[in-house]
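The values are calculated or read from the model by the stated rules, or taken from the named source; none is laboratory data. Here the structure is a predicted model, which is why all the values come from computation and not from measurement. Counting neighbours? That spans all protein chains shown, and the Cβs are built from the backbone with ideal geometry, glycine included.
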Amino acid sequence: MMKDKLARFMTGRYGVDALSKFMLYIAIGCMVIGMIFRNSIFDGFAIILLLIGYFRMFSKNIQSRYNENIKYWNIRNRFLNIFKMRKTHHIYKCPSCKQKIRIPKGKGKIEITCPKCRTQFIKRS
């Protein structure tokens, strides 16, 4: 009975996605931190996140919520790829132009040529 009412209410609405779940988990974390440190800033932030999360779940503007979720996945994947890459590569800065250069680990001492300014320098990989 109640399940049917909820299903009818959610018809045509966006529902739960990865961004909504992330926001709710962060809100719960903020509530816990707010209780531990007795800080109302964390509680206020948690309430704002909860309201935005529920707004997204109950929204009928499906295309906008879908686009937001895609942006979240792109940022999340970029962030995770940086951590995966750090296991297999070093990132050095060119001493002259400060360009970031990615070098594979485990190659010993190598001479690196900056692709931007063609400065050569030696680093350990």
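What the table below lists for this structure:
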| item | result |
| --- | --- |
| Residues that are in contact with a strand residue (DSSP E or B) (Cβ under 7 Å, 6 or more places away or on another chain) and not aromatic (Phe, Trp, Tyr), drawn from the range 86-98 | THR88, HIS89, HIS90, ILE91, LYS93, CYS94, PRO95 |
| Subset tally (residues that are of a type outside the set (Lys, Arg), surrounded by 10 or more Cβ atoms within 10 Å (Cβ to Cβ), at pLDDT 85 or above and not in a loop (DSSP other than H, G, I, E, B)) for the range 1-22 | 4 |
| Residue within the range 75-91 that is more than 30 Å from LYS123 (Cβ to Cβ), among the charged types (D, E, K, R) and modelled with pLDDT of 90 or more present | yes |
| Lone unmet requirement of (1) of a type in the set (Val, Ile, Thr); (2) outside any loop (DSSP other than H, G, I, E, B); (3) within 18 Å of ARG76 (Cβ to Cβ) for ILE36 | (3) |
| Per-region count, the range 17-65, residues in contact with a Lys or Arg (Cβ under 9 Å, 6 or more places away or on another chain) and of a type in the set (Val, Ile, Thr) | 1 |
| Qualifying positions in the range 20-68 - basic (Lys, Arg) and either closer than 25 Å to PHE9 by Cα or under 21 Å from the mean Cα position of the chain (by Cα) (or both) | LYS21, ARG56, LYS60, ARG65 |
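Let's see how each residue does on (1) touching a residue at least 12 places away in the same chain (Cβ under 8 Å); (2) in contact with a strand residue (DSSP E or B) (Cβ under 7 Å, 6 or more places away or on another chain):
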| residue | (1), (2) |
| --- | --- |
| ILE41 | no, no |
| SER59 | yes, no |
| GLU68 | yes, no |
| TRP73 | yes, no |
| PHE83 | no, no |
| LYS109 | yes, yes |
| ILE112 | yes, yes |
